[in-house]
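The values are calculated or read from the model by the stated rules, or taken from the named source; none is laboratory data. Everything numeric in this text was worked out from a predicted model, so none of it was measured. Cβ placement follows ideal geometry from the backbone for every residue including glycine, while neighbour counts extend to all protein chains displayed.
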Amino acid sequence: MRYSGFKVFTEGLTGNKGWKPVWRDPEPKSEYDIVLIGGGGHGLSTAYYLAKNHGLKNIAVLEKGYIGSGNIGRNTTIVRANYFLPGNSEFYSHSLKLWENLEAELNYNVMHSQRGLINLFHSDGQRDAFARRGNAMINQGDDAILLDREGVRQHLPYLDFDNIRFPVYGALFHPRGGTARHDAVAWGYARGADMRGVDLIQNCEVTGIDIEGGQVRGVRTSRGVIRAKKVAMVAAGRSGQVAAMAGMRLPIESHILQAFVTEGLKPVIHHVVSFGMGHFYISQSDKGGLVFGGDLDFYSSYAQRGNLPMKEHVMEAAMTLMPMIGKARVLRSWGGVMDMSPDGSPIIDKTHIDGLFVNCGWNYGGFKAVPASGWAYAHLIATGEPHETAKRYRLDRFRTGRGIMDEEGTGSQHNLH
Amino acid sequence: MRVVCPHCGERDRREFTYQGAAEILDRPAPEVENDAWADYLHLRENPAGETRDMWYHDPCGAWIVMHRDTVSHAVHGGELASEVRK
């Protein structure tokens, strides 16, 4: 079924009886050419591009829960390409270009809204750092505008500009940054992959990875044994448990990151606003809720919920930056499991086992990477060679020390990002 | 989440600084090959469930090996790192 305005109109006139499930619910076959472990955003986009870009058919995505049950449905929906370091810069630039065509590509409304991202700064030193970052973004071919204090005031008149600790000096404005509807991204890629013959198998937990003579042979699952020529791990926060089935340990610690949403309000925040000094960022959803978040709770966790001290910290940062937010009432909060790598950058690579691939380490930034991660991972799985936008995302960079990508400049070890 | 200090008992989580997995106590010998050091620094079990990790109690200065559950957030208790390393 192809979606169109005409289809919505005619269905509206006929009682909306013509809509059907947009992907099948197949039984797993006994053998596939490629099995992807993880039906999140990255797994689904990988499956889609394996079929679309490489013409491959015999592919299964194994998801232990349901499509959209992991981080793809638990993030704060921000899409941006404001990275500084070579390696990250070209990758996220590619991702943003894919985002800009995603709705036409998928024939699915992912509600991609380029409302602009504003990163605030509060000192001369921070201004210099943001000017440098903006130049790197422009060199990459993306957009960045350095705003002074009055420039910020035109966009965000509601900030507390004269806050005694963090007076607003200006901001780096990234007009092509914005948000997208996160569930729709999962559903759009799922539908697109299914239409191209990929089997999306939900409620199917992988319990073992079979390896013989250094070559992957398939997986054992809660729904039986599935043989496969290639197996690709793409399990985000659960990567450690999946890799352990192949006898591997990864340079990953899983941490909790919380997010919050208020009751629906009339339009009030028209951009994505990031207040780095308070570890606070905010945007407003199309439904009207203010969606905001902060920093990690800073202890390893798989609970998908956080604790009160970070909630208090985030609320304090919000009140510091925009006192008007005190009028809003928080509706709910939730947590996602972040696969934190030592240098804060991801991994898309082969492993030492033939036919076994790894994609993990997305830290807090996995959502905006969904299109380019799938694109690059599909390329690696199909051709055996890294895609040019992701060739620096090597698994061995921590061992060799070459190509560490520490975007924050805080050091490359666990618990620093 | 309340965290347990062997000296001070159950305390507010904000009194503690988290360091990471207790695997860092298994420090390789200096003469061991580089790969063992790289693994020690970067690779983690990252368990879902029972874990042992390092917490520092800011007020009393104790380094603690905490027994904890990463799924339920239950904190079972801890031992002084100086005792564990003996």
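A:K64 - would you say it is modelled with pLDDT under 95 and not in a helix (DSSP H, G or I)?
no
Does any residue of the stretch A:302-319 turn out to be more than 14 Å from every other protein chain (Cβ to nearest Cβ), surrounded by fewer than 21 Cβ atoms within 10 Å (Cβ to Cβ) and farther than 30 Å from B:M66 by Cβ?
yes
For residues that are more than 13 Å from chain B (Cβ to nearest Cβ) and part of a strand (DSSP E or B), scanning just the stretch A:325-346, find the one that is nearest to A:T400 (Cα to Cα).
Residue satisfying both the conditions and the ranking: A:G336.
Which residue, of A:G344, A:G278, is out of contact with any strand residue (DSSP E or B) (no Cβ under 7 Å at 6 or more places or on another chain), on the phi > 0 side of the Ramachandran plot and surrounded by 22 or more Cβ atoms within 10 Å (Cβ to Cβ)?
A:G344
Looking only at strands (runs of 3 or more DSSP E) that fall completely inside chain B, which ones have 1 or more residues that are in contact with a Leu (Cβ under 7 Å, 6 or more places away or on another chain)?
B:62-69
Kindly establish whether A:F298 is of a type outside the set (S, T, Y) and surrounded by fewer than 20 Cβ atoms within 10 Å (Cβ to Cβ).
In short, yes.
Could you go through the stretch A:285-292 and let me know if any residue there is within 18 Å of the chain's Cα centre (by Cα), crowded, with 23+ Cβ neighbours inside 10 Å and modelled with pLDDT of 95 or more.
yes
Check A:L96 against each of (1) crowded, with 21+ Cβ neighbours inside 10 Å; (2) more than 14 Å from the chain's Cα centre (by Cα); (3) under 17 Å from A:G178 (Cβ atoms) and name the one condition it does not meet.
(2)
Checking B:A62 against (1) more than 9 Å from chain A (Cβ to nearest Cβ); (2) at pLDDT below 95, which test does it fail?
(2)
Can we say A:R165 is part of a loop (DSSP other than H, G, I, E, B) and within 27 Å of A:V268 (Cα to Cα)?
Yes.
Of all residues being β-branched (V, I, T) and surrounded by 17 or more Cβ atoms within 10 Å (Cβ to Cβ) in the stretch B:65-86, which is nearest to the other protein chains (Cβ to nearest Cβ)? Just the residue, please.
The extreme case among them is B:T70.
Would you check which residues across the stretch A:1-48 are over 28 Å from A:L380 (Cβ atoms) and among the aromatic types (F, W, Y) and list them?
A:Y3, A:F6, A:F9, A:W19 - these are the residues of the stretch A:1-48 that are over 28 Å from A:L380 (Cβ atoms) and among the aromatic types (F, W, Y).
I'd like to know if the stretch A:288-300 contains one or more residues that are part of a strand (DSSP E or B), within 14 Å of chain B (Cβ to nearest Cβ), of a type in the set (G, A, S) and under 30 Å from A:E407 (Cβ atoms).
yes
Table: residues versus (1) closer than 17 Å to A:Y189 by Cα; (2) in contact with a strand residue (DSSP E or B) (Cβ under 8 Å, 6 or more places away or on another chain); (3) outside any loop (DSSP other than H, G, I, E, B).
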| position | (1), (2), (3) |
| --- | --- |
| A:V35 | yes, yes, yes |
| A:H42 | yes, yes, yes |
| A:A47 | yes, yes, yes |
| A:T76 | no, yes, no |
| A:A81 | no, yes, no |
| A:K97 | yes, no, yes |
| A:V110 | yes, no, no |
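Wholly within the stretch A:213-265, which strands (runs of 3 or more DSSP E) include no fewer than the required count, namely at least 1 residues that are at the interface with another protein chain (Cβ under 9 Å from one of its Cβ atoms) and at pLDDT below 95?
none
Quick one: is B:E45 surrounded by 15 or more Cβ atoms within 10 Å (Cβ to Cβ), among the charged types (D, E, K, R), touching a residue at least 12 places away in the same chain (Cβ under 8 Å) and closer than 27 Å to A:G401 by Cβ?
yes
In the list A:G365, A:G401, A:G374, A:G409, which residue meets the criterion of being within 14 Å of another protein chain (Cβ to nearest Cβ) and either under 20 Å from the mean Cα position of the chain (by Cα) or free of Cβ contacts under 8 Å to residues at least 12 places away in the same chain (or both)?
A:G401
Return the residues of the stretch B:16-58 that are more than 10 Å from chain A (Cβ to nearest Cβ), more than 21 Å from A:H255 (Cβ to Cβ) and of a type in the set (A, V, I, L, M, F, W, C); say none if nothing qualifies.
If the condition is that a residue be more than 10 Å from chain A (Cβ to nearest Cβ), more than 21 Å from A:H255 (Cβ to Cβ) and of a type in the set (A, V, I, L, M, F, W, C), then B:A29, B:V32, B:A36 are the ones that fit.
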